[in-house]
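The values are calculated or read from the model by the stated rules, or taken from the named source; none is laboratory data. Remember, predicted model here, so these are calculated numbers, not experimental data. Counting neighbours? That spans all protein chains shown, and the Cβs are built from the backbone with ideal geometry, glycine included. Note: accessible area is taken over every heavy atom of the protein model, side chains too, but ligands, DNA and RNA are not part of it. Shrake-Rupley method; radii C 1.70, N 1.55, O 1.52, S 1.80 Å.
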Amino acid sequence: MPSLSRAVEPLAQRAISRILDVPADSVDPVVRDSPFADVQLNAALALARAHGRNPFELAELIAAELSDGGPIAEAYASRPGYVNIVASDAWLAGQVEAMEVPETLAPTGRHVVIDYSSPNVAKEMHVGHLRTTVVGDALARMREWRGDRVTRQNHIGDWGTPFGMLIEHYLELTSAGEEVDQLTTAPNEFYQAARARFDSDPDFAARARSRVVALQAGEPETIEHWTRLTAESKKYFTRVYRTLGISLTDDDLAGESSYNAELADLCDELERRGLARMSEGALCAFPAGFTGRDGQPAALIIRKSDGGYGYATTDLATIRHRAQTLHADLAIYVIGSPQAMHLEMVWQVAREAGWLPPTTEPVHVKIGNVLGADNKMLRTRSGDSVKLFDLLDATVERARTVLSETRAFDSPEDLDRAARIIGIGAVKYADLSVGHETEYVFDLDRMVAQTGNTAPYLQYAVRRIRSLVERVRAGAPAAADARVTLGLPEERALALALLSFEDAALTAADKLEPHRLCAYLFDLAQRFSSFYDAAPVGGAASAELRESRLLLCEQTERVLVRGLTLLGIDTPSQM
Ligand code: ARG
C-alpha cells in the first residue's frame, strides 16, 4: 500500500515530463510531507534553474497538470516554487478500506547476512551485547519482512588462550562432583574463579598452559571438555534470547572457533602473495589507506609473535566466508562503534586479497554506548559491569509497580505476564528508538513510562484499541463491507499516517535504522490518540460512521502490532 507521497510521485513525474518535454523516469519530483498541505512537491526550484524557467510559473504549470483525479483533490503553487497537494478524501478512504498489512512483502532475491549479539563464552553478556542483540534482531526481522533472505551469524567468542584455564577450572569443579551451573547463571563468577586459580596456583597455571596447547592441537579429550564447557555457555545465551524474545537459535551460531581450520592457510596465503609481512615478530597486513598516529602504515596483526591468531584473523575469515561461501549481497556487522577502524581494515585486506568482491557490500551498523545516570558506562554501585538478568529483572519489577498502581488485574499471573511483556518491551524499545550510534542513559522510569516514545505507550495504544473495538462490537455485529468516511481532521490525519506504514518500514529496513520505524509508530499512536479524543466510536452519529471509525481503529491496531512485531516487541493481552 503506497503512501500519499509514493502515489503522487509517478503523477508528478508525468506532469513534469509533459511540461518540460523530458523522459518521465529522468525526473525526481521530490515529494515530501509538509506542514502546509498533505504533501509538497519540491522539484520545481531545481528544474527551473536547469531549464531556464521561472520557478513559480513552473510550479503553477505543474499544479495545473496535477489538479484532477486519483489521489489528488487539489494542487496549488506557492512561492518561490513549491506545489502543495491536498489528498482526495475519497481516495484516502478507499485506500484505508483496501489496506492490507502483509506479514512479508514480495521476495527481493537479495541475501543479507547479519552478524549480531556475538557474546563471549564464560562471560556475562553486558548492556553492550544487549544492544547489539536487540538492534540486530530487529534488523533481521525488518529485512525478512521486506523480502530479503536473511542469514543470522552469532559470532560468539568461543576460542582463545583463556580457554586453557577455563577448561582446567571446569574440570576441577566437575571432578569434585560440583554442579557447574555457574556458567549458565553467573558466568563472570566462573571466569573470575578460574582467573584466581590461575594467578594463585602455579601447578594450575602450568596445567592451563598445556591445556591451551592441547586445545589448539585438537587433542580429542580436550576438545570434548571444551565442547561441554561451551555448551553450558550456550545454554546461558539461549536463556537470554528466550527471555528477551530474540530470534537467534543454535543454528545461527558461527563462533570464532568455526574458522580455526582455515586460519593457518589464510595467513600463509596473505604472506605468500605479499599482502602480509613479518613486523616485530608478528605477521601483519598493512591495508592501503590506514595510518597510525605516527603517520606510518597501520598494522593489522594476523598472527601474533607466539603463533596465535586473534580477532583480526577470524574476522578476515568471516568476511571471506560471507562473501565467497554465503554469497551475501549485504554483510551487516552489528557491533560497537569503537570497532569501526578494525572492521574497515579487515575489509580492506579482504579486498586486496580478492575475497571481498564489489557484489558483497559490507556494512558496520555502529552501536553506541549505554550510559548510567552519571553519564559514564553503565556500572553497578560497586563499579562492576551490570548483570544482564539483574537489569531485566529490575525493569520487569518497575513495570509491575507501574501496572499495579494504575490498573486492576484478574489474577497475579495476569499481572506477572503483563509486567514481563512490558518490561522486556521497554528495554528493547529503549535500544531501538534512538539512533543506533547514539549514546543514551539507561533510565528505567523513562523506559517503562506510559507516555512519550516508549514501548508501553505503544503497547497501551494497542490494548486501548482492542478493548474499544471489543466493547463497541459487543453491542453491534460487524458490517460486511464497512466504508470509511473522513469527516474530521483527526480521521484524515490518522488515515494519512496509516498509508505511510509500508514506506516508513521500508525506509527503516533499507537504511538499517529501526528508530525510524519507532518514530513512525509513535506518530501513528499519537494521531490515534487525537482521533480517539475527537471521534466517538460507540457513540457515533450513525451506524455507518461507527463502522467507518471501527475500521480506522482496526487498521491502526494491525499496523501497530505489525510494526512492534518487526521490532521484536510483544503486546500483552491485558494491561
Ligand atoms: N565477541 C565480540 C565482543 O564481545 C563481538 C564480535 C562481533 N562480531 C565480529 N565478527 N567481530 O566484543
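Across all C-alpha atoms in the range 1-71, the radius of gyration and Dmax reach 11.6, 37 Å. Counting only protein heavy atoms and a 1.4 Å probe, the range 1-77 has 51 square angstrom of accessible area per residue.
Looking at the range 279-371, the GluC sites (Glu not before Pro) that sit in a DSSP loop and have at most 13 other Cβ atoms within 10 Å of their own Cβ are Glu280. Loop-located trypsin sites (Lys or Arg not before Pro) in the range 103-167 (DSSP state not H, G, I, E or B) with no more than 14 neighbouring Cβ atoms inside 10 Å: Arg110. Between Glu189 and Ala217, the contour length at 0.36 nm per residue exceeds the Cα-Cα span by 7.3 nm. Per residue, the range 152-195 exposes 38 Å² of solvent-accessible protein surface, assessed with a 1.4 angstrom probe and all protein chains in place.
State whether the range 175-288 is rounded, prolate or oblate according to the following rule on the C-alpha gyration tensor (a ≥ b ≥ c being the square roots of its eigenvalues): a/c under 1.5 gives rounded; otherwise a/b larger than b/c gives prolate, and the remaining case gives oblate. Oblate, since a/c reaches 1.5 and b/c is not below a/b.
Each label point is 7 Å from the Cα along the Cα-to-Cβ direction; what then is the distance between the points at Phe290 and Ala540, in nm? Inter-label distance under the simple model: 6.1 nm.
For Val150, the residues whose modelled amide H falls within less than 5 Å of its own, excluding neighbours fewer than 5 places apart on the same chain, are Val112. Using a probe of 1.4 Å, the accessible surface attributed to Asp523 totals some 50 Å² when neighbouring protein chains are kept in position. With the cut-off at 1.5 for a/c, could you classify the chain from its C-alpha gyration tensor as rounded, prolate or oblate? Oblate. When the surface is traced with a 1.4 Å probe over the full set of protein chains, Asp250 keeps roughly 100 Å² accessible. Split the accessible area of the chain by element, probe 1.4 Å, and carbon with sulfur accounts for 49%. Based on protein heavy atoms only, the range 91-139 ends up with 30 Å² per residue of surface accessible to a 1.4 Å probe. When you filter the trypsin sites (Lys or Arg not before Pro) in the range 286-385 for DSSP loop state and at most 12 other Cβ atoms inside 10 Å of their Cβ, you are left with Arg293, Lys376, Arg381.
Taking label points 7 Å from Cα along the Cα-to-Cβ direction, Thr325 and Asp203 give a separation of 4.2 nm. Rounded to the nearest 0.05, what FRET efficiency is calculated for Asp21 and Met278 with R0 set to 56 Å and r the Cβ-Cβ distance? So the FRET efficiency works out to roughly 0.30. Placing dummy labels 7 Å off each Cα toward the beta-carbon, the span from Ala476 to Arg79 is 4.9 nm.
Of all DSSP-defined beta bridges confined to the chain, some 50% are antiparallel rather than parallel. Here Ser200 sits with roughly 90 square angstrom of accessible surface, probe radius 1.4 Å.
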